[in-house]
There are 4 protein chains.
Amino acid sequence: MSNILGERVTCMSFGESHGPAVGAILDGISAGIDIDCAYVQRQVDRRKPAAAAGGTARRESDEVEILSGIYRGKTLGTPIGILIRNNDARHADYASTENLYRPNHADYTWQVRYGHRDHRGGGRASARETVARVAAGAIASQVLATAGVRVKAWTQAIGSISTGMDPATFTGDQVYESPLRCPDRYAAESMRMAISQAREQHDTLGGIVACSIHGVPAGVGDPIFGKLQAKLGAAMLSIPAVKGFEYGDGFAAAESCGSAQADIFIAGHGTISTATNHSGGIQGGISNGMPIVLRVAFKPIATMPGRTVDTVDTAGETASLTFGGRHDVCCVPRAVPVVEAMASLAILDAMATSGRI
Amino acid sequence: MSNILGERVTCMSFGESHGPAVGAILDGISAGIDIDCAYVQRQVDRRKPAAAAGGTARRESDEVEILSGIYRGKTLGTPIGILIRNNDARHADYASTENLYRPNHADYTWQVRYGHRDHRGGGRASARETVARVAAGAIASQVLATAGVRVKAWTQAIGSISTGMDPATFTGDQVYESPLRCPDRYAAESMRMAISQAREQHDTLGGIVACSIHGVPAGVGDPIFGKLQAKLGAAMLSIPAVKGFEYGDGFAAAESCGSAQADIFIAGHGTISTATNHSGGIQGGISNGMPIVLRVAFKPIATMPGRTVDTVDTAGETASLTFGGRHDVCCVPRAVPVVEAMASLAILDAMATSGRI
Amino acid sequence: MSNILGERVTCMSFGESHGPAVGAILDGISAGIDIDCAYVQRQVDRRKPAAAAGGTARRESDEVEILSGIYRGKTLGTPIGILIRNNDARHADYASTENLYRPNHADYTWQVRYGHRDHRGGGRASARETVARVAAGAIASQVLATAGVRVKAWTQAIGSISTGMDPATFTGDQVYESPLRCPDRYAAESMRMAISQAREQHDTLGGIVACSIHGVPAGVGDPIFGKLQAKLGAAMLSIPAVKGFEYGDGFAAAESCGSAQADIFIAGHGTISTATNHSGGIQGGISNGMPIVLRVAFKPIATMPGRTVDTVDTAGETASLTFGGRHDVCCVPRAVPVVEAMASLAILDAMATSGRI
Amino acid sequence: MSNILGERVTCMSFGESHGPAVGAILDGISAGIDIDCAYVQRQVDRRKPAAAAGGTARRESDEVEILSGIYRGKTLGTPIGILIRNNDARHADYASTENLYRPNHADYTWQVRYGHRDHRGGGRASARETVARVAAGAIASQVLATAGVRVKAWTQAIGSISTGMDPATFTGDQVYESPLRCPDRYAAESMRMAISQAREQHDTLGGIVACSIHGVPAGVGDPIFGKLQAKLGAAMLSIPAVKGFEYGDGFAAAESCGSAQADIFIAGHGTISTATNHSGGIQGGISNGMPIVLRVAFKPIATMPGRTVDTVDTAGETASLTFGGRHDVCCVPRAVPVVEAMASLAILDAMATSGRI
């Protein structure tokens, strides 16, 4: 079941990078909800590479087709089939790497795991697969919107450049106005320069995507193994290249003391909130009504454009490999809509399991 | 299904802190595997508080009874029922907090989620529940041992004190010789003093548990949503008080560049390994045969022994609450066997789903 | 996951016939529902053998202990642990059959499947395991009662003796007043005589348990693989000795024509019902508000009291085996509360997945 | 999860009868297995209506497209996406029934369940959905063939006409040479006449599909809720129009006595078989190596071609409805490949959960 995420709202993913298509089946959505398919396409387009942001030159039309589950503009309560064909599959590009294990890629582990694999562009291990998640997430986010929940992700750091900008001061649309998906224009400019410099050095950069989720009511999440942070963490750690996840004060909380972390309750007008939000909106695995905040660490892309590296081939012999130039320098800007999609899917599922939607 | 972890090797948890018992049902273990029940008891005992390590004064016998699934010392392939009775349930202690929401605890969120809760000692939200996980994990680790897999966790940091000791230089038994579960005796002494100081100040401390898993063969893990890091992350984030998870270089990788993160392959004698292990033993969601390394961030315990805090009651009125003195100052040492248990359960499940055990 | 039934309301079963205990963990029940534990005990007692009904002489106290999930008489929304100890485990009785495969039992198939088994009394394959299901079902039925759903099963046939009595003419309590669980006193007397005769001939008898479920609102059931009949069928076919399942007109419908099967709608006072109920309350996998009716076929018990049969031993050699006298002649009366339990669990789960409870 | 069947080998179904497409995602198949896509298409074509057999006049090309999971003719171990477009969707035909509930159909129950539905041709409740199952099953059966397992279904009865022909005397291909999928040519001729007569009377007929599964090794099946008969039963009961399921002697066993049902073991040459097969190849929920035999009862189709019936509309008013002539008189012949598909999917999943493939 490793191709399915979720318990009640489930997203099944299928497809190889250079096969006929990738897609997703989104199930468990209630009937009768209005879905704007143009928004789905727009969000998918936001995942496309932008040259300025260190994106790949692969050009996919990424046209989303809905196969089922929506009738007269509304959900039917049946599985929503999502299909995205692979058009720009330049197979010849990959002939040379068929028998090589690229360092820090999934080639070797995948070969050991399966024995037979589609090596072209990483096959199913390629981040291309995330385009289907973005489409599914864009439907999930519309369902969340009916309950007043809004998900917003942004680039918080690329390499050593980071922004501490308060998310309350910018909108999701403003994030996407920046090719780097960083609303802090000064930081964004530094990030752009860092990427440019890395490209010159045939190198790549990692970074951090932050995400805030507003409007989740108190009472969402399931104790023990279904804690909200466990669902969000698993969703984020399923994105290629992710190395770490934290929520609220995260790793910084580990260095802190209890008196500095206490989120004192404030009662007023029939509601309960907290004065601070070190908890990141989750206490005991269940939402407390405050914004949910999380951070996701991405490693640098393992394919370094134009660089030659030592490696081994499938026969176990040492070999040399020169990466082509058609690759992202930094995946972080493109990961922003992916993080939003995974957050939307995880939160919607948690709201469903908690009986809150 | 939030009380069940795993897909093929599953651990179901049940029980409230002050109800008759807590327990677990471990299922999906193959038949015919020798189980040493004394080892299970020993590992459970390692979770008990040690006064020197900032532990609570609650005294539970924590006697493990196996109800089913083992016959003549061997697994039957049927569910293994684990029962641990709650003996030291001083209910009267909790009468005063029945109508109060303790800050940064699960009281408020649980009440909103369920409406009816067992408030005594946190009920099901209590870390007492983890005792059953430790017992289940101690069975899982014996199954892993038959495949040559060894799990070892230790206290890497408490508050601002941390150790960088190389895990290759100490054994798991050496970890448990330290009341703080920190094999670095100098760091351990500093940690002990930090805990002592925090107790004087009616405060608590967070920290980090590190974990290494040796002997996992290449090819363990399932792509897309069942990535090995996603399973490990979800398992760790299900432990009470955990705020973050990372593996390999984790968040540090986000600040790095691709050329510094590449784990170059080394071929030799029919095996493939890597020169470095920035990946933490996982590439593309699948193990590569190198040690799996991960770190888990724990927040400071929200109950600060002897401290009085402002809060609200269940009627939404402001209130004042003085915590009793019978509480841990730092949960990190007691979390070490819990992290080992969760790692054992997650890895065993992943090996089963990958057809490697 | 073969020890778990259900998707949202789940029942996990554990335990061997002659191990320390059998039990169940019932999960997914909402919080705040009143549970009468005495009723649970009473229903469990109804599964006990009655000599007059061809029951075994095994005497178990079958005392039900609730380990968790209920506090102050109400459900907590957490797993409800159910424990029933095995007291009357006369192990010596089974030494002689350790190395024999009893014909038409699970001995041989279980041995091939697992390699190591608890042969005593059939171990986990024993119908003793169903006592835990009855306890879990007795909790489920109380939850159903809050929604006006009532489950009633009865003995419809034993061997060639059957009753066509209309279930509208008797209550569930009246069923249990009959040792044979057959409310038709004339048929019951014939059944009693048939059982007596079979016992004299060292033989056993099969039969049919019928079940009606009233009060299920229209709209319960999930299309495609989660059809209400598929859930009910799977639940019934999981009971030991069951060979067939049908609902509505069942196999008789296969011999019929469409015009004779049409359940014409009747509209009135804002509700829709049907003039006939050939459909058995289910159309397109979803309840239509009419009573759900089903029938379950049980084969004769394979252990024939006092009879000597040819068989083979675990070494594959031919052997002879004489069954002891301490066995049921007919399992059907004891299966009545088991069918009720499985129906309650399946219907409650379907109501939960359909958002109807 | 009601659109997914199976635990390890899973088949997810999607699509409405008159939407863009129907399809399935088959997951959990091992990597490296040869798949003949032409066979998949052939099996799908076998589900098409034949006029002589009482089939509908709907003409779908039913062209199967594989979207993913197969590369160079072999499975990849990744999800196998199957797409079948709906071409012959004469929407106008269904405008008249948009506001009517057809008796004995899923219209009313679906409307209550979902509120918003695609009424055209029954939408997702249509048997059209089974075409995707047949395609998935045709892949599953090729995987089973690598383990020597062969599934064969045939029409055993239509209305009151039945055949008692021994399945050992005919092949699967011979079944498909008959338009009625009945290898007994005398019975087939009677069935053809019965269908012809029913059509003249604007009526429809039910029937029985029998299925035998050869080559399943002993040891397949999972005790308690995952019994082989429970999986097979649930799979069959998920087919539209199925009213009953039995295996081995089924309902007849209920009227029998133990001595007549005992399948005495025969040991020889290192194998164990049974002299008779009343058990139908399953004992204690686990296969015993003998052929698995089962029977599935189908009700008559509720749409009676050309007949006018009383019904109610969506406003609850009485109405009259005349069915068009473009409909099957008997679904049984077309159900034969569907039963084979469901048997293949269920057996393959059981072999996977039992570690036998």
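The values are calculated or read from the model by the stated rules, or taken from the named source; none is laboratory data. Given the structure is predicted, the values throughout are model-derived calculations rather than measurements. Virtual Cβ from ideal backbone geometry, glycine too; neighbours counted across all protein chains shown. Accessible surface is based on the protein model in full, side chains and every heavy atom, while ligands, DNA and RNA are left aside. Shrake-Rupley method; radii C 1.70, N 1.55, O 1.52, S 1.80 Å.
Here are some notes:
- Equivalent ellipsoid semi-axes, the stretch A:1-143, via Cα gyration tensor eigenvalues times 5, rooted, Å: 30, 18, 12
- Across the identical copies, the 7 Å label point of D:Thr169, projected outward along Cα→Cβ, sits 4.5, 8.3, 8.8 nm from its counterparts, in ascending order.
- Cross-link partners of C:Lys48 among aspartates and glutamates (Cα-Cα below 14 Å; sequence separation of 8 or more within a chain): C:Glu60, C:Asp62, C:Glu63, C:Asp88, C:Glu129, C:Glu177, C:Asp328
- Kirkwood radius for the stretch D:222-357, taken over all pairs of different Cα atoms as the inverse mean of 1/r, rounds to 17.9 Å.
- The alpha-carbon atoms of the stretch D:70-150, seen along their principal axes, cover 49, 24, 21 angstrom, with the largest extent given first.
- Shielding by partners - mean other protein chain Cβ count within 10 Å, residues of A:206-216: 2
- Scalar couplings 3J(HN,Hα) for the stretch D:137-148, obtained by applying the Karplus form with A = 6.51, B = -1.76, C = 1.60 to θ = phi - 60°, are x, 6, 7, 4, 5, 6, 5, 4, 4, 5, 9, x Hz; x denotes Gly and Pro.
- The angle between the Cα long axis of helix D:37-46 and the longest principal axis of the Cα atoms of chain D comes to about 60 degrees, rounded to the nearest 10.
- Close amide-amide hydrogen proximity is noted between B:Val312 and A:Phe265, B:Tyr101, B:Ala319, each under 5 Å apart and 5 or more residues distant or on a separate chain (H modeled in the peptide plane; Pro and chain starts excluded).
- When the charge dipole of the stretch B:4-353 is built from unit charges on Cβ atoms (+1 for Lys and Arg, -1 for Asp and Glu) and taken about the Cα centre, the candidate among B:Met236, B:His327, B:Cys182 whose Cα reaches farthest toward its positive end is B:His327.
- When the pairs A:Lys152/A:Lys231; A:Lys227/D:Lys231; A:Lys227/C:Lys74; B:Lys152/B:Lys227; B:Lys74/C:Lys299 are compared against a 27 Å limit on Cα-Cα distance, A:Lys227/D:Lys231; B:Lys74/C:Lys299 fall above it.
- Charge dipole of the protein assembly as shown (Cα centre as origin; +1 on each Lys and Arg Cβ, -1 on each Asp and Glu Cβ, all else neutral): 0 debye, rounded to the nearest 20.
- Copy-to-copy label separations for B:Met193, where each label sits 7 Å from Cα toward Cβ, in nm and ascending: 4.4, 9.5, 10.4
- Positive dipole terminus of chain A, leading residue within A:Gly285, A:Gln41, A:Ile266 (C-beta point charges): A:Gln41
- Here the stretch B:146-199 is treated as an ellipsoid with the same Cα gyration tensor; its semi-axes, largest first and in whole Å, are 24, 10, 9.
- Between copies, the label points at A:Glu65 (set 7 angstrom from Cα along Cα-to-Cβ) are spaced 0.4, 6.2, 6.2 nm, reported in nanometres from shortest to longest.
- Note that the stretch C:173-183 has calculated 3J(HN,Hα) couplings of 5, 5, 4, 6, 5, 8, x, 8, 6, 10, x Hz, one per residue in order, obtained from phi through the Karplus relation 6.51 cos²θ - 1.76 cosθ + 1.60 (θ = phi - 60°); glycine and proline are x.
- When peptides B:27-34, A:35-42 are ranked by their average number of other Cβ atoms within 10 Å per residue, the highest-first order is B:27-34, A:35-42.
- The phi torsions of the stretch D:161-167, fed into the Karplus equation with coefficients 6.51, -1.76 and 1.60 and a -60° offset, translate into couplings of 8, 9, 10, x, 4, 6, x Hz, rounded to whole numbers, with Gly and Pro shown as x.
- Given charges at Cβ of Lys, Arg, Asp, Glu: chain B dipole, positive-most of B:Asn104, B:Ser344, B:Gly207: B:Ser344
- Cα gyration tensor category, rounded, prolate or oblate, for the stretch A:134-266 with a/c compared to 1.5: prolate
- Computed about the Cα centre, the dipole magnitude for the stretch A:4-353 is approximately 320 debye when only Lys and Arg (+1) and Asp and Glu (-1) carry charge, each at its Cβ.
- For B:277-287, mean number of other protein chain Cβ atoms within 10 Å: 6
- Note on chain B: semi-axes of the ellipsoid equivalent to its C-alpha gyration tensor, largest first and rounded to whole Å, are 34, 25, 19.
- Tilt relative to chain A, helix A:332-353 - C-alpha long axis, 0 to 90 degrees, to 10: 40
- Residues in the stretch B:4-353 average 31 Å² of solvent-accessible surface per residue, probe 1.4 Å, ligands and nucleic acids excluded.
- Helical mean residue ellipticity (222 nm; -39500 (n - 2.57) per DSSP H run of 4+; nearest 500) of chain A: -8500 deg cm²/dmol
- Take each residue in C:60-71, count the other chain C-beta atoms within 10 Å of its C-beta, and the mean is 4.
- Highest mobility in the GNM of chain B, judged by mean-square fluctuation with C-alpha springs under 10 Å and restricted to B:Gln229, B:Gln43, B:Gln174, is found for B:Gln174.
- For B:Gly244, the residues whose amide H sits under 5 Å from its own are B:Ala297, ignoring neighbours fewer than 5 places away on the same chain, with H placed 1.01 Å from N.
- Cα coordinate range in the protein assembly as shown, projected on the principal axes (Å, largest first): 83, 70, 65
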